Amino acid sequence: MKKTFLIPFLLLVISLTACKQTNSIPSSEKQLNQNQFTLVFASCNDQNREQPLWKPIINTQPDLFIWGGDNVYSDTDDMQKMASDYNKVWANKEYKKLAKNTPIIGTWDDHDYGKNDGGKEWHKKEEAQQVFLDFLKLEKDNPRRKREGVYHAQTFASKAGSIKVILLDTRYFRDSLKRNPNPKNDYERYIPWNEGEGGSILGSEQWHWFENELKDDSADFTVIVSSIQFLSNQHGFEKWANHPSEVEKMYQAIQHAKAKNILILSGDRHHAEVSVNQVTGLDDPLVDFTSSGLTHTWPGTPMDTNPYRVGEGTKELNFGVLYFDFENEKVTYQIRGENNILYQEFIQQY
């Protein structure tokens, strides 16, 4: 088993106190490191709030930016309003600058799907899909516009190696959630279905597609993007653990995959954290890296109970950065925030 490294939070705080004034990644460092690919991802972006993180995101000089869901807050069946909400993102000059120089892909979650906690029952999902693909600037004749759901896979190559990104759609096909009959508060909104109950998150067609994508072993790393958390399983909101049969199916898919060096990115929870699980049958730990809160989080409230969390995470505004080192088969995970402050770093050797 290869080594996993976690920077102790206390030492990290000391380091940050000493060097807060260093806010960006030096361009010379980026140019010299030809073996590194930089991926930035983020979620939970309210188009009507301040947008303070685009400048630090640009300063990381990402090779790819991924939207992780709740890319706007547009709980509506009025598609003109939804399109207008997306246009507010594009009206931001810093986002335009990022889009001019960086490929942008993504998936959606509930608030850009159009219905809070919505699933396959949403009567506007077909129309909302087209508005979402408009936001991503997809051509009108792109085949993805004729397929149900926004799931998609794409490989990004550099001189040193390649990364395959698999974007899942956890909305379009998702069966109903199980309401908690005796919640003590709103934090206990949902409870898991019993094993074998609760239907599906991805739906049969997307599952078939996903399992086929995992047969591809051509990329050096495989990044699965899920708008909701996979590993964290104790909180009462949306999560994969609400559908235990789907969790088991995901583990089996990853265990039987030919794809190399699999990791998961997630959003939704208005905080950032790194979750890690040693899975039987996998050579390396499975990392679920959550970044949520481009524009709003709830500082001062406790983090969710999460037995898989390593480090402290943060409830400050945040975005996630991943540095892929192809030569050494290593990924550095960073939680960053305003002024490019570094909240946590986690290194996984593959």
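The values are calculated or read from the model by the stated rules, or taken from the named source; none is laboratory data. Model, not experiment: these values are computed from the prediction. Don't worry about glycine lacking a Cβ; one is built from the backbone with ideal geometry, like all the others, and counts go over all protein chains shown. What goes into the accessible areas is simple: the full protein's heavy atoms, side chains included, and nothing from ligands, DNA or RNA. Shrake-Rupley method; radii C 1.70, N 1.55, O 1.52, S 1.80 Å.
With contacts taken as Cα pairs under 8 Å at a separation of at least 6 residues, the chain carries a relative contact order of 21 percent. Of all beta bridges that DSSP places with both ends in the range 58-195, some 70 percent have antiparallel geometry. By the gyration tensor of its Cα atoms, with a ≥ b ≥ c the square roots of the eigenvalues, what is the shape of the range 121-178: rounded for a/c under 1.5, prolate for a/b over b/c, or oblate? Since a/c reaches 1.5 but b/c is at least a/b, the shape of the range 121-178 is classed as oblate. Between Asn212 and Glu94, the simple label model (points 7 Å from Cα in the Cβ direction) yields a spacing of 4.1 nm.
Relative to the globular-protein estimate of 2.2 N^0.38 Å, the Cα radius of gyration of the range 258-346 stands at 1.12. Summing charges over all other residues whose Cβ lies under 12 Å from the Cβ of Lys100, with Lys and Arg as +1 and Asp and Glu as -1, gives +3. For Asn277, neighbours were defined as the other residues whose beta-carbon sits under 15 Å from its Cβ, and their charges (Lys and Arg +1, Asp and Glu -1) total -3.
Across the range 125-136, coupling constants 3J(HN,Hα) worked out from phi with the 6.51/-1.76/1.60 Karplus curve, θ = phi - 60°, read 5, 5, 5, 4, 4, 5, 5, 5, 5, 4, 4, 7 Hz, and Gly and Pro carry x. Looking at the range 196-259, the accessible area is 35 square angstrom per residue; that uses a 1.4 Å probe and ignores ligands, DNA and RNA.
Fully extending the segment from Arg147 to Glu126, taken as 0.36 nm per residue of separation minus the present Cα-Cα distance, adds 6.6 nm. Just the number, please: percent antiparallel of the DSSP beta bridges in the range 206-319, rounded to the nearest 5. Of those bridges, close to 55 percent are antiparallel.
Look at the alpha carbon pairs under 8 Å that are at least 6 residues apart: their mean separation over the length of the range 137-225 gives a relative contact order of 34 percent. Per the Debye formula on identical point scatterers at the alpha carbon atoms of the range 195-333, with no solvent, log10 I(q)/I(0) at q = 0.10, 0.15, 0.17, 0.19 Å⁻¹ is -0.35, -0.79, -1.00, -1.22. Net length available on complete extension from Arg189 to Glu205 is 2.9 nm, with 0.36 nm assigned per residue and the Cα-Cα distance removed. Note on Trp298 and Asn182: the model spin-label points, each 7 Å out from Cα along the C-beta direction, lie 2.3 nm apart.
Of the accessible area of the chain, computed with a 1.4 Å probe over protein heavy atoms only, carbon and sulfur atoms account for 48 percent.
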